[in-house]
Amino acid sequence: MSTKRTPKIEKPGILNTDQIRELIECKVIVGWDGPDDDIGKSSFDLHLNGYYWKLPAGIKCSRYSRVVDLIKRVGGKKKRIPKIGLRIFPDDEYVYLFELNERISLPKHFYGQGTGKSSIGRLDILTRLIVDYEEKYDCICPFRARNYRYKNLYVEVTPLSFPIKINNGDAIFQLRISKGDFQKLRIQSEIIHLFTNLMKHERGGSVAGADQTNLRLSLKPTKDGTIALKAKRRKEGFAPLKLSVKKPYYPPKNYWERIEKESEDILQIDGSLALKVEKNAFYILRSKERFILPDNIAVYGLAMTEEVGELRIHHAGFVHPGFGRLREDKKGTPLIFEVRGHDVNMLLKHGDLMAELKYYPMSSPAEKGDEYYEEQELKLSKIFKEFRNED
């Protein structure tokens, strides 16, 4: 293997497609062998290498330990993913930890931030990136330890609504790399307020000022009358969802139900619509605000808190530069919220505050090109076909 080289990336910001490829060529990232389209405008996919551990509980690393050392302490045994795939069920009492093919050694001033892929989060699958010598989940800092050149990467996978089937090589997690600390790179709100073309209201017109840093819930029906999508309760005969399918395959009516205005889950409160979120149920919802991002800004959506009362709210993945700009109707594209109820039922009202937005500059503008979810309203994971009118 050729020697690791320092990448010639000088300008601070989130790295684009070509800059990520430069990290791979410089051997900052090793083990990456995915297709070209697994490197996106501001992130790249990580791939399972075929091995996993079935653990009695989740683990958390420290700045002085490797993940494999922690696994040994809890008695985990390394296993190979079967050729026919590994089935995992929502009620499984074990935690599944998968080793990733990629390893990474970030130079000084380079940082990594991860999140589950959008198509995975929309399946109600919890994922966490665990990295050698990193105290925080989903984060990678420049290398500090002396004895190991590369950090090994692992992802913890927990399905909550549907049984799933995992195969060797699956890409279920993505990583964003920055030149400069993410906290220091973040574009401050007083500067964001100067922009007038980052997003639009669902009723039309540009969003301005402080509203550009928040996302609120939309319960406005789509063209086909859908307000929300709700995962069906698991039943006997539910076929495990294969995460590696490359195009829409599963009929949505077998796994999801559409909630419309006439549904008993929709209420009227003070003239506005409200959704009754049932305990232990999972929903796909969308934002009122609609993005039209330029090619030199990337966004990360952070739930106001991951746990809001009796709800868990999460935004589905990173928001890439240029998102919404190529949409045919020119109205911009809303973001998707993944919402799970906990121990009691709870109401969410139209316009409720759901997430905070963090804006970051790109180190170099991203290439132009559309995204799979560019035309989304209430969009399921890409493994599902579209709902038909009769569904």
| Right, residue 41: of a type in the set (Lys, Arg), touching a Gly at 6+ places or on another chain (Cβ under 9 Å) and more than 29 Å from residue 184 (Cα to Cα) or not? | no
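Residues are listed down the side, and each one gets a yes or a no for (1) in a loop (DSSP other than H, G, I, E, B); (2) at pLDDT 90 or above:
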position: 187; (1), (2): yes, yes
position: 196; (1), (2): yes, no
position: 212; (1), (2): no, no
position: 216; (1), (2): no, yes
position: 229; (1), (2): no, yes
position: 235; (1), (2): yes, no
position: 258; (1), (2): no, yes
position: 263; (1), (2): yes, yes
position: 273; (1), (2): no, yes
| said: Cβ contacts < 7 Å: first residue in the same structural domain as residue 91 (by TED's automatic domain parsing), restricted to the stretch 51-65; second residue among the small types (Gly, Ala, Ser), any location; separation 6+ or different chain. Result? | reply: 53/76; 55/76
| request: Could you list all residues from the stretch 125-171 that are more than 24 Å from residue 65 (Cβ to Cβ), in contact with an Asp or Glu (Cβ under 9 Å, 6 or more places away or on another chain) and buried (at least 19 other Cβ atoms within 10 Å of the Cβ)? | output: 159, 161, 162, 171
| message | Going by what's in this entry, would residue 373 be described as crowded, with 19+ Cβ neighbours inside 10 Å, modelled with pLDDT of 95 or more and within 20 Å of the chain's Cα centre (by Cα)? | response | no
| task | Just name the residue that is modelled with the lowest pLDDT out of those in the stretch 275-293 that are of a type in the set (A, V, I, L, M, F, W, C) and assigned to a strand (DSSP E or B). | result | 291
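The values are calculated or read from the model by the stated rules, or taken from the named source; none is laboratory data. Note that this is a predicted model, so its numbers are computed, not measured. A quick note on method: Cβ atoms are made from the backbone with ideal geometry, for glycine too, and the neighbour counts reach across all protein chains shown.
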